[in-house]
Structure formats: C-alpha cells, structure tokens
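Rule-based calculations on the coordinates, nothing more; no lab input. These numbers were taken from a predicted model, which means no experiment stands behind them. All Cβ positions, even for glycine, are placed from backbone atoms using ideal geometry, and neighbour counts span all protein chains on display.
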Amino acid sequence: ESLLDIAARKVAEKWPFQRVEERFERIPEPVQRRIVYWSFPRSEREICMYSSFNTGAEDPAAVPGGAA
C-alpha cells in the first residue's frame, strides 16, 4: 500500500468526508478520491447493513403532516 492509501484509510475510518472538507480549505484531488474510496464499506455484511438502513421516512407517521 502507498502512504497515500494508508493515510486516506485512517482518515476515512475516523472522520466523515464532510467533516474533512469543512476542516481543510484545500485538499488535493488525488487525496480526496482516496479518502472517498476508503469511506465506503468493504464487506458484504456492511454494504447490506447500510443499504437497508431505514430512516423512517417511508413510514407516513414519521413524516411531519403524515398519517396519524
């Protein structure tokens, strides 16, 4: 692994990309790409968990002004 990949993986493990963008004014594009790459889940189990995450928005009772 390159130093860039190791560093990007460590950053992605600890902070959401949005927080990294807010904290630093200029991030070189190759660094951004590697952080984003490592931000996504790797295992099938994690991908399934995140893809089935329910915010409750589908539930009409959970939406303001929705069914009572």
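Points to keep in mind about this one:
- Near R33: Cβ cut-off under 14 Å, other residues only, Lys/Arg at +1 and Asp/Glu at -1. The net charge is -1.
- Length available on full extension from I6 to S52: 0.36 nm per residue minus the Cα-Cα distance, which gives 13.7 nm.
- Packing-based ranking of 45-51, 29-35 yields 29-35, 45-51, ordered from highest to lowest mean Cβ neighbour count within 10 Å.
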